[in-house]
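The numbers here are math on the coordinates, done by the rules we state, and not lab data. If you're wondering where the values come from, they're calculated on a predicted model, not measured in any experiment. Cβ sites come from the backbone with ideal geometry, for glycine too, and all protein chains shown count toward neighbours.
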Amino acid sequence: GQNRSLPLGRSLSALVLLQTPEPCCKSPAWSSATAALVKSPQSFLLPYVIIHHTAGNRCTSQASCSRQVRGIQNYHMDTQRWPDIGYNFLIGEDGRVYEGRGWSTVGAHAYNWSAKSLGFSFLGNFSSRAPNAAALNAAKSLIQCAVSKGFLRRSYTLTGHRNVFPTSCPGNALYRVISKWPRFKGKP
Ligand SMILES: [Zn+2]
């Protein structure tokens with residue numbers, strides 16, 4: 001829960017950044033400060049979006065998705081020893097987008113590719129089933145939001161984690177979906 005005592009420097013909660021249908025206009029529901037994070041400024045107009053799945057449990061409510069995000073953050077910080085959760089944003093089947101490193105900080109999500117991309121990860125395992133419409137729509141809105149905010153080039157390339165690293169991520173079923181989305185390239 002949000003009230004348990006946390007090690008110094010850990011953000012209080014994953015930020016619930018936005019909800020469809022007005023992703024770019026929504027104010028954050030949480031103010032998240034991760035003091036431990038050494039900020040590496042992300043340059044604007046990035047050329048790539050890389051899609052992941054967390055390969056974890058499904059979540060369909062704000063409470064359960066927040067718990068998932070918290071668990072992933074703990075794993076990335078305590079086990080992986082990263083300064084914060086690796087993804088830039090996470091997407092739940094509650095239709096919400098949860099902020100990880102956000103727009104302006106380089107992620108740790110795709111070896112050799114993090115500095116030139118935004119990493120968006122769907123919460124759940126999508127090897128044998130695709131995310132629901134709420135999550136897919138939230139992801140599409142997030143991509144549009146990135147373009148309209150100037151964090152992503154209009155001529156961006158969308159790809160899956162498996163296209164830049166030997167991994168099954170983002171799962172076969174999700175991969176099939178994103179491979180039909182605009183600007184997708186299997187060999188980025
Ligand atoms: Zn991945």
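In order along the range 160-165, the Karplus-derived 3J(HN,Hα) couplings, from 6.51 cos²θ - 1.76 cosθ + 1.60 at θ = phi - 60°, round to x, 3, 5, 7, 10, 7 Hz, and Gly and Pro are given as x.
Using 0.36 nm per residue of separation minus the Cα-Cα distance, give me the extension gain between Ala133 and Ser64 in nm, one decimal. Please report the intermediate quantities before stating the final value.
On the way: separation 69, 0.36 × 69 = 24.84 nm, distance 1.79 nm.
Fully extending the segment from Ala133 to Ser64 adds 23.0 nm.
Evaluating 6.51 cos²θ - 1.76 cosθ + 1.60 at θ = phi - 60° for every residue in the range 88-101, the Karplus couplings come out as 6, 8, 10, 10, x, 7, 8, x, 9, 10, 10, 7, x, 7 Hz, glycine and proline recorded as x.
Scanning residues 5 or more positions from His109 or on other chains, those with amide H under 5 Å from its amide H are Ser114, with H placed 1.01 Å from N in the peptide plane.
Cut-off is 10 Å between beta-carbons; in what order do Tyr156, Tyr111, Tyr87 appear when sorted fewest neighbours first? Please report the intermediate quantities before stating the final value.
Working: Tyr156 20, Tyr111 11, Tyr87 27.
Placing the least packed residue first, the sequence is Tyr111, Tyr156, Tyr87.
Couplings for the range 147-152, taken from phi via the Karplus curve 6.51 cos²θ - 1.76 cosθ + 1.60 with θ = phi - 60°, read 5, 5, 7, x, 8, 10 Hz in order; Gly and Pro are left as x.
In plain terms, the C-alpha convex hull of the range 100-188 casts an average shadow of 5.6 nm² when viewed from every direction.
Listed highest first by mean packing, meaning other Cβ atoms within 10 Å per residue, what order do 123-131, 44-52 come in? Can you show the working numbers first?
Values: 123-131: 19.2, 44-52: 20.9.
For the peptides 123-131, 44-52, the packing ranking is 44-52, 123-131.
Ordering Ser148, Gly56, Phe126 by Cα displacement along the dipole of the range 32-188 toward the positive end leaves Ser148 in first place; charges were set at the Cβ atoms of Lys, Arg (+1) and Asp, Glu (-1).
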